[in-house]
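**Q** Okay, handing you the structure first.
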Amino acid sequence: MKRFPRYFTPLQKLGSLSLSASAYLTLFFLMMPILVIIPLSFNAEPYFSFTPGMLALDKEAYSLEWYAEIWHDDNWLLAIKNSFLIGICATILATVLGTLAAIGLSNSAMPMQRIIMAILLSPMIVPLIITAAGMFFFYTQLNLAGTFWGVVIAHAALGTPFVIITVNAALAGFDYSLVQASLGMGARPVYTFVNIIMPLIRPGVISGALFAFVTSFDEVVVALFLAGPEQKTIPRQMFSGLREQINPTILAVATLLVVVSALLLFTIEYLRARAERIKMNSW
């Protein structure tokens, strides 16, 4: 039973319960379409529906066949390798660019801060299909379409705004007198960045990097426009599978993606809470 402060009136208690109930209903509404695929991925039959045996909890109706199929299919193995390689490379590039951009934009002396910030965050606002089409025509002129590094750069461009936002939030309470003191004592800018700035904003940088990785790992529209046959990623392979050959292997891969995403989200939340504790201790 939920406990309320003693000074709460009956109306306030009712309002608090209503807010909690609406929050849980919203969470249920958002999570059910995702969670329903998990038991389906263990279906022993090649169907996208619950069989009578599954509903009766018959152990013969459940199988790990579709998870094993992932590791015996060359297309899925190539997609998994590409997703991790592209995601890691795009994350490194997005983290470096986003961190430097956030530090530069945090300087009050920088002109046109809002305009530059709006341009850098535009990939989050512009519809992805428009961004992908624009990237395709631009990268074609540079001979980057259909190449590994073309996909990496495109995914880095999509992930950079998330790094900028998280690092900018970490810099909100940053004490720049520490930087001035370091420079005043003769430290070089690089030494100051590595030993003064970076330790304090590290949780924001790591959180932004995780967001950038998830953005790259789950992206499909840009991959459809820019990736060639050798750069096929997991989402693109899933999209192709839905069009060409539907089987529960897609559900098994989707379940693994849900697990990976959940682990990353828990990591981000842990880093956020840690950053809050560091900020409170610094005060």
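**Q** Would you kindly state the longest site-free stretch of the chain, with sites defined as trypsin sites (Lys or Arg not before Pro) in a DSSP loop (not H, G, I, E, B) surrounded by at most 11 other Cβ atoms within 10 Å?
**A** That gives 7-283 as the longest site-free run.
**Q** OK, next. Select from Thr192, Thr233, Thr131 the residue whose mean-square fluctuation is largest in a Gaussian network model of the chain (Cα-Cα springs shorter than 10 Å).
**A** Thr192
**Q** Among Ser106, Ser20, Ser182, which one shows the biggest mean-square fluctuation in a GNM of the chain, springs joining Cα atoms closer than 10 Å?
**A** Evaluated over the chain, the most mobile residue of the options is Ser20.
**Q** Using a 10 angstrom cutoff on alpha carbons, build the Gaussian network for the chain and name the most mobile of Val221, Val190, Val36.
**A** Maximum among the listed residues: Val190.
**Q** Can you compute the helix-only [θ] at 222 nm over the chain? Use -39500 (n - 2.57) per DSSP H run of at least 4 residues, normalise by all residues, nearest 500 deg cm²/dmol.
**A** Computed mean residue ellipticity for the chain: -23000 deg cm²/dmol.
**Q** Multiply the residue separation of Ala187 and Arg3 by 0.36 nm, subtract the distance between their alpha-carbon atoms, and state the gained length in nm to one decimal.
**A** Length difference between fully extended and current span is 60.9 nm.
**Q** Here's something else I'd like to know. Sort Val259, Val179, Val167, Val214 so the one with the fewest other Cβ atoms within 10 Å of its own Cβ comes first.
**A** Sorted ascending by nearby Cβ count, the order is Val259, Val179, Val214, Val167.
**Q** For the range 60-178, how big is Rg over Rh, using alpha carbon atoms and the Kirkwood form of Rh?
**A** Rounded to two decimals, Rg/Rh equals 1.14.
**Q** On to the next question. Using R₀ = 25 Å, calculate the FRET efficiency as 1/(1 + (r/R₀)^6) where r is the Cβ-Cβ separation of Lys81 and Met198; round to 0.05.
**A** 0.20
**Q** Using only the alpha carbons of the range 125-283, what is the convex hull's orientation-averaged projected area in square nanometres?
**A** Dividing the Cα hull surface by four gives the mean projection, 12.2 nm².
**Q** Now for a different question. Out of Ile86, Gly208, Gln237, whose Cα points farthest toward the positive end of the dipole of the range 65-282 (charges: +1 Lys, Arg; -1 Asp, Glu; placed on Cβ)?
**A** Gly208
**Q** Go from 0 up to the bin containing the longest alpha carbon distance in the chain, width 5 Å each, and give me the % of pairs per bin.
**A** Per 5 Å bin, starting at zero, the Cα-Cα P(r) for the chain comes out as 1, 5, 9, 11, 12, 13, 12, 11, 9, 7, 5, 3, 1, 0, 0 percent.
**Q** So what is the relative contact order of the range 65-282, in percent, for Cα pairs below 8 Å that sit 6 or more residues apart?
**A** With pairs under 8 Å counted, the relative contact order is 34 percent.
Bear in mind that the values in this text are calculations on the coordinates, not laboratory data. These numbers were taken from a predicted model, which means no experiment stands behind them. Note that we place each Cβ from the backbone using ideal geometry, even for glycine, and neighbour counts take in every protein chain shown.
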